[in-house]
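Please read the structure below before turning to the comments.
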Amino acid sequence: MFRLRQTWLDLLQLLAASPPPRPPLSISALPAELLLAVFASLADADAAALRACTLVCSEWRALAQPRLFHEIVLSTEDMRKSIAFQQFMLSSPTIRAAVRAVTVHFPDLDSWAPDRRRAANLMADVLELLPRPESLRLYGARFSDYRIKWSRLSNHLKNSIRTLLHRPSMTTLLIDGWVLDVNHPEFNTVFADASTSLTSISLLDISDGIWGVHEVPAVPSRRLTLDKLTVTNTFSKDVKFIEWLSRPESIFDLEQLTSLHVVESRDDASVSLLTSLIGPSLEHLEVNISYTPQDSSIGLSTCTGLRSLSLSFGVFYTELYYSSLPWICATLDTLSPHNALASLSLSLYITHPRNTNTRVFPPPPVGRFNYDRWARLGAVLGGPKFAGLGDVRVQLVHHGIDARGYSQMAAGRMGEVGERVRWRFLRDDSPDVEDATPT
């Protein structure tokens with residue numbers, strides 16, 4: 001009896017010494033740092049799930065909702081929706097502070113009704129109140145008689161764009177299809193107050209309205225040092241614009257550029273002007289070539305730091321009629337013997353897209369092509385100059401021929417280099433017919 005009593009006493013003491021049971025864990029007890037990490041992951045992977053999280057409770061809504069607005073699009077296409085959204089942004093300082101990327105879409109100017117002008121002014125109100133934007137993309141209609149022109153924008157909208165470019169968080173600007181109808185000194189003025197953090201700029205089809213002046217402009221007291229530049233090089237105005245960008249009077253300093261992308265290039269001399277100016281600092285070069293004279297090439301002799309080169313050719317170049325391979329070899333020959341090239345990417349047309357009707361234009365047999373050009377490319381890449389070239393990729397764009405058979409014959413003529421090439425195939429007339437899978 002004594003032992004039984006002692007056992008109960010020991011049990012009671014043990015229960016008294018045990019901690020009280022924990023209350024059930026509530027989602028409101030989760031630390032904010034953990035929730036923010038989860039919401040950041042959902043923002044990249046599942047926007048619908050992130051929107052659902054905003055409906056769980058007020059605490060989750062306050063943390064998750066700003067993530068939905070890291071990227072916003074402002075437009076004047078749907079007046080009712082765009083005006084309502086812009087008014088919401090004006091009344092939501094927390095949401096505005098979360099915005100990192102801004103895209104602006106403008107329609108043709110001939111369709112601007114008075115309410116669209118009101119929407120444009122509301123757009124300007126939003127832009128100038130964003131405290132920490134990192135990128136701005138301005139899109140307009142490229143192929144239109146009523147394109148967006150800088151001179152026709154209200155001062156309020158122009159000043160709001162300048163304000164955004166002045167933010168110390170701003171790093172990236174893209175202008176596509178707008179006409180900057182200004183002279184060279186006025187072009188400098190547009191970017192004169194931009195933050196030095198703005199190092200990546202894309203200027204696509206903007207040069208129609210830019211013109212020079214008889215007097216040589218003064219060298220700007222402060223220039224923007226760029227790291228990445230993308231430009232179009234299609235028409236004579238583009239060539240003149242590239243020449244202006246290469247001058248010391250331009251607001252942009254290109255001598256420390258590490259990445260250059262030239263779109264729709266039709267003038268090798270202007271590209272060579274850029275590469276010679278940039279010189280050893282250039283590490284990545286991408287050129288989309290629509291047409292160049294057959295005996296020309298791009299000069300890369302000063303680009304001793306070039307690590308990756310990407311060349312893609314338009315439908316003017318086909319291996320059946322007008323091969324791009326001689327141009328490629330001539331450009332590679334200009335590289336210094338002490339170059340740092342480690343990656344080469346080529347995209348070539350084998351056949352012309354007008355031959356899409358295989359009943360009328362049956363695909364030519366792969367044996368009909370001239371593979372001597374591939375042998376020449378293999379000899380160039382197999383030389384000691386390119387001993388450090390470890391990554392060679394070739395995409396063949398075709399319209400129904402035996403592209404894999406073509407690549408096997410081309411690789412055979414390239415010798416040892418052909419064994420290292422990674423081939424990719426793409427049907428231009430019907431991309432869903434054949435998967436572009438590397439062999």
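The values are calculated or read from the model by the stated rules, or taken from the named source; none is laboratory data. Keep in mind that what you see is a predicted model, and the values were worked out from it rather than measured. Don't worry about glycine lacking a Cβ; one is built from the backbone with ideal geometry, like all the others, and counts go over all protein chains shown. Each accessible area value is taken on the protein alone, full model and side chains, heavy atoms only, with ligands, DNA and RNA left out. Shrake-Rupley method; radii C 1.70, N 1.55, O 1.52, S 1.80 Å.
Maximal additional length on extending the ARG368-ASP227 stretch stands at 46.3 nm, based on 0.36 nm per residue less the C-alpha distance. Taking the Cα centre of region 257-354 as origin and assigning +1 to Lys and Arg Cβ atoms and -1 to Asp and Glu Cβ atoms, the resulting dipole is close to 120 debye. Once the chain from ASP391 to GLN87 is taken as fully extended at 0.36 nm per residue, the excess over their C-alpha distance is 104.4 nm. When only Cα pairs below 8 angstrom with a gap of at least 6 residues are kept, region 100-213 shows a relative contact order of 27 percent. Region 243-321 and region 203-217 have Cα centres spaced 20 Å apart. Over region 299-424, what percent of the accessible surface lies on carbon and sulfur atoms, probe 1.4 Å? The value for region 299-424 is 52 percent carbon and sulfur by accessible area. Only protein heavy atoms count here; on that basis, with a 1.4 Å probe, ARG376 has an accessible area of about 110 Å². Under the definition of Cα pairs under 8 Å and six or more residues apart, what whole-number percent is the relative contact order of region 163-316? Reported as a whole number, the value is 18 percent. Taking every alpha-carbon pair in region 232-386 and binning the separations at 10 Å intervals from zero gives 10, 37, 32, 15, 5, 1 percent. Based on the alpha-carbon gyration tensor of region 235-297 and its eigenvalue square roots a ≥ b ≥ c, which shape applies: rounded if a/c is under 1.5, prolate if not and a/b is larger than b/c, or oblate? Judged from the Cα gyration tensor, region 235-297 comes out oblate (a/c at least 1.5, b/c at or above a/b).
With a/c under 1.5 counting as rounded, go ahead and sort region 152-234 into rounded, prolate or oblate using the C-alpha gyration tensor (a ≥ b ≥ c being the square roots of the eigenvalues; past the cut-off, prolate if a/b is larger than b/c, else oblate). Rounded, because the longest to shortest axis ratio a/c is under 1.5. Per residue, region 134-268 exposes an accessible area of 43 Å² to a 1.4 Å probe, with every protein chain left in place.
The accessible surface of region 122-171, taken with every protein chain in place and a 1.4 Å probe, is 48 percent carbon and sulfur.
Computed with every protein chain present, the accessible area of ASP238 is close to 10 Å² [probe 1.4 Å]. Cα convex hull, region 184-269: 96 Å³ per residue, rounded to a whole number. On a per residue basis, region 293-350 carries 35 Å² of accessible surface, using protein heavy atoms and a 1.4 Å probe. In this simple spin-label model, placing a label point 7 Å from the Cα along the Cα-to-Cβ direction at both ASP181 and ASP253 gives a separation of 3.4 nm.
When Rg and the Kirkwood Rh are both derived from Cα coordinates, the Rg/Rh ratio for region 99-210 amounts to 0.94.
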